[in-house]
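Accompanying notes for the structure given below.
The values are calculated or read from the model by the stated rules, or taken from the named source; none is laboratory data. Worth saying up front: this structure is predicted, and the values here are computed from it rather than measured. All Cβ positions, even for glycine, are placed from backbone atoms using ideal geometry, and neighbour counts span all protein chains on display. Ligands, DNA and RNA are excluded from the accessible area calculation, which covers all protein heavy atoms including side chains. Shrake-Rupley method; radii C 1.70, N 1.55, O 1.52, S 1.80 Å.
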Amino acid sequence: KERNATFHISTATDPTSRSDRAATGPLVSLAPPALLEESADVFQLLPKEYLPDYKSFCWYDTDSKLQCLPSVYLAGMPKCGSTDLYYKVTWHPELAEAMHHAMNKRKGPEKEFPYWARMRLGRQRDYHIKTIGPKMPFRAFLAGLGSDRLLEKKHLRITDGTPCTFFDIEGWEHRYPGLEDPPYTNADLIHTVTPGAKVVVIFRNPTDRLLSNYLYYYRNSKKLRDHLSPKTFHTVVQRVINDFGKCLKKQKLRNCCFTDKHLGEAKLALGIYICFVTDWA
């Protein structure tokens, strides 16, 4: 059990309310140019308008097949109790877990699948793997969402529980060298593709979150597992705090938070919630 956690729904107090659509379709005209370029296959398949009688963002494609995108995102933060919250929230009869097993051969719904943050860009599902491969086609992502369930259940809201959607834009510095800030974030992406979607964020005491993230990172690394100790934790945190301080002497807080280096070993920047919250407000 994760303790000291809080959550907030950014666009409404009731995640099942119907009167929450900010627009009838994707807000393509307001999207940053870099987002449109990097996600061209996404916008090619999206409709001009979503079906108004569905609570998820649904449309019929050119093959007359129903396609739906989530209308609820449990988007952060890692090691803050998001898994526990996700499975409690999806007890609600109008909230449906996303179905991704069609792509990874698992036998049931999955809490998270990092398409928007990683696989859309050719990054690997596992954040430990840094190699860049082919982008996952948007059509393949749609195929795993289980839209057929909504044919007779228009009231269902597909619920995505991928925490890294909230913060993970790793690699933007290499794709856009010379820029001081990322040209867009995942908040821009989600607000453009599914305007009016509910975004739920859960936080935890930043120090507790940092320790939990450290333990998770080291326990899941064969290379680092044998070095797990209070002394190592102190050494690692002391180093990343010093590095972050050096960054702040040269750059703005936001830039340091989004720099790949500070989202690595101890993920110190993930506890500076203000860096990320402002993008989703």
_Qualifying residues in region 234-255 (those that are farther than 14 Å from Lys267 by Cα and among the hydrophobic types (A, V, I, L, M, F, W, C)) - the one surrounded by the most Cβ atoms within 10 Å (Cβ to Cβ)_ = Cys247
*Would you check which residues across region 53-101 are closer than 24 Å to Gly271 by Cα, of a type in the set (A, V, I, L, M, F, W, C) and either in a loop (DSSP other than H, G, I, E, B) or touching a Gly at 6+ places or on another chain (Cβ under 6 Å) (or both) and list them?*
Leu74, Ala75, Met77, Cys80
*Return the residue satisfying two criteria in turn: it lies in region 212-260 and is within 19 Å of the chain's Cα centre (by Cα) and either among the basic types (Lys, Arg) or in a loop (DSSP other than H, G, I, E, B) (or both), and of such residues it is modelled with the lowest pLDDT.*
Thr259
*Taking Tyr115, is it modelled with pLDDT of 90 or more and part of a loop (DSSP other than H, G, I, E, B)?*
yes
*asked:* Just to be sure before I move on: is Pro47 touching a Ser or Thr at 6+ places or on another chain (Cβ under 8 Å), at pLDDT 90 or above, farther than 30 Å from Leu179 by Cβ and surrounded by fewer than 21 Cβ atoms within 10 Å (Cβ to Cβ) in the structure I sent?
replied: no
*asked:* Quick check on region 189-200. Is at least one of its residues open to solvent by 10 Å² or more (accessible area, probe 1.4 Å), in contact (Cβ under 8 Å) with a residue 24 or more places away in the chain and part of a loop (DSSP other than H, G, I, E, B)?
replied: yes
*asked:* Given the criteria modelled with pLDDT of 90 or more and of a type in the set (Gly, Ala, Ser), does Ala281 qualify?
replied: no
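Pick from Pro195, Pro163, Pro183: which is at pLDDT 90 or above and within 13 Å of Pro78 (Cβ to Cβ)?
Result of the check over Pro195, Pro163, Pro183: Pro163.
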*Can you name every residue in region 31-52 that is among the hydrophobic types (A, V, I, L, M, F, W, C), under 13 Å from Cys68 (Cα atoms) and not in a helix (DSSP H, G or I)?*
Leu46, Leu51
*Return yes when Arg139 is under 21 Å from Cys58 (Cα atoms) and either open to solvent by 10 Å² or more (accessible area, probe 1.4 Å) or of a type in the set (Gly, Ala, Ser) (or both) and no when it is not.*
yes
_Cβ-Cβ distance below 7 Å, separation of 6 or more or different chains: which pairs start in region 66-92 with a residue that is surrounded by fewer than 18 Cβ atoms within 10 Å (Cβ to Cβ) and end on one that is part of a loop (DSSP other than H, G, I, E, B)?_
Leu66/Leu151; Thr83/Lys111; Asp84/Lys1; Asp84/Glu2; His92/Thr16
*Could you please give the count of residues in region 24-40 that are surrounded by fewer than 14 Cβ atoms within 10 Å (Cβ to Cβ) and within 19 Å of Arg118 (Cβ to Cβ)?*
2
